[in-house]
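Contents: one structure, followed by commentary.
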Amino acid sequence: MDATTLSLPDTPANQAAYPQPSFQKPGCGFPLLRLLGLFCLATGMFVAWTTGPWRQSELALLQLLWAQLPPGEVLLGDRFFSARAVLAQCWCRGIHGVFRLHGARKADFRKGQRLGRYDRLVQWPKPAACPLS
């Protein structure tokens, strides 16, 4: 899966559904749409997608696509998706999640089970307190 943004024609309907980002002066920009898509790794085909306003998070859009992923599927995403919540949702649905480690997360490559030259199997302990959101 991956996400992108698209600029739309500046029509009243598009402005209502996909408002301009706040950094653009009113009347000087275009509505922006966020698109999250699922791709087939074997064929590269675009198999499912959802859209929302530019300010909507990719994680929020992912919630709309879980039904498209059957148990046993492999979900491959970028570093943005490497969060406990996404991995927990994958596990609950019987889906394998593969994501690069987010840059803010510290990695100790001396711990865990070595799977290959650049691969390790590690456990993330549950935090003592719930994160603020």
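Could you give the spread of the C-alpha atoms of the range 1-80 along their three principal axes, from largest to smallest, in whole angstroms?
For the range 1-80, the Cα spread along each principal axis is 47, 21, 20 Å.
Relative to the longest principal Cα axis of the chain, at what angle does helix 84-93 sit, 0 to 90 degrees, rounded to 10?
Rounded to the nearest ten degrees, it is 80.
Which one, Val98, Val122, Val47, has the greatest fluctuation when you compute a Gaussian network model over the chain with C-alpha springs under 10 angstrom?
Comparing Val98, Val122, Val47 in the GNM, the peak value goes to Val122.
Comparing Leu76, Leu115, Leu62, which has the greatest mean-square fluctuation in the GNM of the chain with Cα pairs linked when under 10 Å apart?
Highest fluctuation of the listed residues: Leu115.
Charges at C-beta only: +1 for Lys and Arg, -1 for Asp and Glu. How large is the resulting dipole of the chain about its Cα centre, in Debye rounded to 20?
740
Under a Cβ-only charge scheme (Lys and Arg +1, Asp and Glu -1), can you give me the dipole magnitude of the range 69-133 about the Cα centre, in debye to the nearest 20?
340
According to the square roots a ≥ b ≥ c of the eigenvalues of the Cα gyration tensor, what is the shape class of the range 48-93, taking rounded for a/c under 1.5, prolate for a/b larger than b/c otherwise, and oblate for the remainder?
oblate
Just name one of Gln24, Val74, Thr51: the one whose Cα is farthest towards the positive end of the charge dipole of the range 1-83 (beta-carbon charges, Lys/Arg +1, Asp/Glu -1).
After comparing all options, I get Gln24.
Starting from the range 88-128, pick out the trypsin sites (Lys or Arg not before Pro) whose DSSP state is loop and whose Cβ has at most 16 other Cβ atoms within 10 Å.
Arg100, Arg105, Lys106, Arg110, Lys111, Arg117
Could you check how many percent of all C-alpha pairs in the range 46-122 are farther apart than 13 Å?
72
Any read-out appearing in this document is the output of simple, stated calculations on the displayed coordinates, not a laboratory observation. Quick caveat, the model's predicted, so the values are computed rather than measured. Virtual Cβ from ideal backbone geometry, glycine too; neighbours counted across all protein chains shown.
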